[in-house]
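Trainee: Mind having a look at this structure? Questions to follow.
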Amino acid sequence: MNYNMTEQILQDEILIKKIYYIRNQKVMVDEDLAELYGVPTKRLNEQVARNIDRFPEDFMFRLTEDEFNNLKSQFSTSSWGGRRKLPQVYTEHGVLMLSSVLNSKQAILVNIQIMRIFTRIRHTILDSSELKLEIEKIKAKVEKHGENLEIVFRYLDEMIMKNQAFVPRKRIGYKADDL
């Protein structure tokens, strides 16, 4: 197969909107993937069933009724109406494994694009984590500086109070004017 690996057949925004966060994982729904790959959902699920050993639980799982209802409630119109079974969702590794059971050029190109988006999302999360750590370090320094400034102001207040309390005494002894 000779095709341009950088060829992008879908807008990234379309793919990003089809990635959901369920059970603390980024996943994609079988129906969305089938649509992206240009195959019926039934065919995608058949291929997965024929190769079920390639899809352990951390690659693919079926949504519960609550998860599915929660997912549907996020959208005013759902494309998942009239299903007989709850949808299967695929983690990043599951999506990658799908490329080994679906061999169309479109499936391969879409898969490459999805993998790049998952990678970008992971980098974004890591970058934001590093940014949070840097912000925490700065906050700690600012708090320490704040404490130090508080001590300096307390000493200044004490010095001001001492100066205000200081009343000059009359000099004792002979004055030059007295002679």
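Trainee: At a threshold of 8 angstrom on Cα-Cα distance, excluding pairs fewer than six apart, so keeping six or more, what relative contact order does the range 12-130 reach in percent? Intermediate values should be presented prior to the final figure.
Mentor: Details: 105 pairs, mean separation 37.5, N = 119.
Over the range 12-130, the number comes to 32 percent.
Trainee: Right, something else. I need the phi-derived Karplus couplings for the range 133-150: 6.51 cos²θ - 1.76 cosθ + 1.60, θ = phi - 60°, integer Hz, Gly and Pro marked x.
Mentor: Values per residue, Gly and Pro as x: 4, 4, 4, 4, 4, 5, 4, 4, 5, 5, 4, 5, 5, x, 5, 5, 5, 4 Hz.
Trainee: Can you find, among Phe68, Thr41, Phe55, the residue sitting farthest towards the positive end of the charge dipole of the range 12-130, where Lys and Arg contribute +1 and Asp and Glu -1 at Cβ?
Mentor: Farthest towards the positive pole: Thr41.
Every number here is computed from the coordinates shown, using simple stated rules; none is lab data. What you are looking at is a predicted structure, and each value in this text was computed from that prediction instead of being measured. Cβ: placed from backbone, ideal geometry, glycine included. Neighbour counts: every protein chain shown.
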